[in-house]
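Q: Please see the structure below; I have some questions.
The values are calculated or read from the model by the stated rules, or taken from the named source; none is laboratory data. On a predicted model such as this, the values are computed, not experimentally measured, just so you know. All Cβ positions, even for glycine, are placed from backbone atoms using ideal geometry, and neighbour counts span all protein chains on display. For the accessible areas, the whole protein counts, side chains as well, though only heavy atoms, and no ligand, DNA or RNA atoms are used. Shrake-Rupley method; radii C 1.70, N 1.55, O 1.52, S 1.80 Å.
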Amino acid sequence: MKIAVLPGDGIGPEIIKQAVKVLKAFGLENILEYAPIGGAGFEAFKDPLPKSTLELAIAADAVLLGAVGHWKYDKLPRDMRPERGLLRIRQSLNLFANLRPAIMFSELIHASSLKAEVVSGLDILIVRELTGDIYFGEPRGIVTNQKNEREGINTMRYSESEIKRIAHVAFKTALKRSKKLCSVDKANVLETTELWREVFIETGKEYPEVELSHMYVDNAAMQLVKNPKQFDVIVTGNIFGDILSDQASMLTGSIGMLPSASLDANNKGMYEPSHGSAPDIAGQDKANPLATILSLAMMFKYTFNDQEKFNLIENAVKSVLREGFRTEDISSEGTNLIGCEEMGDKVIERLEI
Ligand code: NAD
């Protein structure tokens, strides 16, 4: 077993340090290998995804990533920017299935901007296709058109096989939960997603136990804040998933709580919090490390098939929250404000190994 650890930029190193403490508590520090990515990769090797980092990630069984990006790299050529390293590693490892759970921990009910009755008990999972769609489709670029004005071009594109493989992941995921799957598209307007819907209906015939429904993305955005508990597993394409999963994150109070897993066809995965590198709070011991720690829990569940360690980590996080410890992003009156480092320590103390 080998885990590639890629701390990245901004709060990345701080939050990764807390997840590594959990790995150490399990006696697994010997299977970790570190490498730079994003701005850190650019600083070390003039490449946001250095060759040695990619080789390590390919050789590892799983990848644990912090976050990438910083405003200071915004002026670099697009290919050198930190975010490009992230897109490249997802693509190179063929991590086409992104799983983002949005779970309302009862202890954090008041951190949500929605009414408690709307979000209490919320437990949904968004399956986002991650390596296709308008983010990767060609042609793309900014050109000068025949009227001699600038024109921006991106292409929304999905092949049948790309849709089929994410459909299988979504149906299998739904089978392990409440067997309800909602596929989100814009089939009334976009041909790409018309095909998406057709392929989902065809693939669904192989999963008769799963109740498949369809929803247009604009309605899904509305339903997610109106009545989010109607959903169990939502599956959608790359761009719709990007937006809906961030929206879902706010249902649960803070993006600092949301883990994610990006998987290939064999459940090799890259595990990272859903948030970015938060340069505004980097180096101040203010970051919430729980999304990263919960991402590590997902690694045990999905890549190492170790439900026991998943439960141990999730229960430790719940205990810490129940006792009232909070980082700033989730704090409220009457709770005990602590920093990133102490939050990591509290989780270790509550791990019932
Ligand atoms: P962000 O997610 O980094 O931050 C948004 C807001 O949430 C900020 O106020 C930040 O302080 C807060 N926040 C984020 N994570 C937090 C945590 N763990 N604890 C407490 N507060 C937290 O998004 P942004 O500000 O739009 O982007 C900052 C940089 O991150 C950019 O360079 C962007 O490109 C990059 N980014 C990277 C990823 C990734 O690595 N997966 C994802 C999104 C954005």
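Q: So what is log10(I(q)/I(0)) for the chain at q = 0.11 1/Å, when the Debye sum runs over its Cα atoms only?
A: -0.75
Q: Continuing with the same structure: If the chain between Asn315 and Leu195 were fully stretched, how many nm would it gain, using 0.36 nm times the residue separation less the Cα-Cα distance?
A: 39.1 nm
Q: Would you mind working out the accessible area per residue for the stretch 1-143, using a 1.4 Å probe, and quoting it in Å²?
A: 43
Q: Which residue, Phe26, Ser120, Gly38, has the largest displacement toward the positive end of the dipole of the stretch 12-130 when charges sit on each Cβ (Lys, Arg +1; Asp, Glu -1)?
A: Most positive-ward Cα: Gly38.
Q: Among rounded, prolate and oblate, which fits the stretch 44-104 when a ≥ b ≥ c are the square roots of the eigenvalues of its C-alpha gyration tensor, a/c under 1.5 means rounded, and a/b larger than b/c means prolate?
A: Oblate shape, in that a/c is at least 1.5 and b/c is the bigger or equal ratio.
Q: Let me ask something else about it. With only Lys, Arg, Asp and Glu charged, each at its Cβ (+1 for the first two, -1 for the last two), find how big the charge dipole of the chain is about the Cα centre; round to the nearest 20 debye.
A: Rounded to the nearest 20 debye, it is 300 debye.
Q: How would you classify the stretch 157-242 from its alpha-carbon gyration tensor, with a ≥ b ≥ c the square roots of the eigenvalues: rounded for a/c under 1.5, else prolate if a/b is greater than b/c, otherwise oblate?
A: It comes out oblate by the Cα gyration axes.
Q: Here is a further query. State the Cα centre-to-centre distance between the stretch 243-262 and the stretch 132-167 in whole Å.
A: 26
Q: Given H placed on each backbone N at 1.01 Å, which residues far from Ala60 in sequence or on other chains put an amide H within less than 5 Å of it?
A: Amide H to amide H, under 5 Å and 5 or more residues apart or across chains, Ala60 pairs with nothing.
Q: Counting DSSP beta bridges in the chain, what percent are antiparallel, to the nearest 5?
A: So the antiparallel bridges in the chain amount to around 40 percent.
Q: Moving on. With a Förster radius of 22 Å, plug the Cβ-Cβ distance of Asn267 and Phe136 into 1/(1 + (r/R0)^6) and report the FRET value to the nearest 0.05.
A: Efficiency at R0 = 22 Å is approximately 0.50.
Q: Cα centroids of the stretch 98-129 and the stretch 9-85: how far apart, whole angstrom?
A: Cα centroid of the stretch 98-129 versus Cα centroid of the stretch 9-85: 28 Å apart.
Q: Further question: Percent antiparallel among DSSP beta bridges with both residues in the stretch 97-263, to the nearest 5?
A: Given both bridge residues lie in the stretch 97-263, the antiparallel proportion sits at roughly 50 percent.
Q: Among the aspartates and glutamates, which fall within straight-line cross-link reach of Lys301, defined as a Cα-Cα distance under 16 Å, with same-chain neighbours fewer than 8 residues apart omitted?
A: Hits, sequence-local ones excluded: Asp61, Asp264, Glu272, Glu314.
Q: Still on this structure, I have one more. Using all alpha carbons of the stretch 97-263, what is the percent of pairwise distances in each 10 Å bin, ordered from the shortest bin to the longest?
A: 10, 37, 32, 15, 5, 1
Q: Shifting gears a bit: Using only C-alpha positions, report the orientation-averaged shadow area of the convex hull of the stretch 1-78, nm², one decimal.
A: Directional mean of the projected Cα hull area for the stretch 1-78 stands at 5.1 nm².
Q: With every protein chain in place, what's the accessible area of Ser159 (1.4 Å probe, Å², nearest 10)?
A: 50
Q: When the accessible area of the stretch 97-263 is split by element with a 1.4 Å probe, what percent falls to carbon and sulfur?
A: 52
Q: Further question: Whats the longest run of the chain with zero trypsin sites (Lys or Arg not before Pro) that are DSSP loop and have at most 11 other Cβ atoms within 10 Å? Can you show the working numbers first?
A: Numbers: sites that count: Lys46, Lys75, Lys115, Lys147, Lys205.
Longest site-free region, per DSSP loop and neighbour criteria: 206-353.
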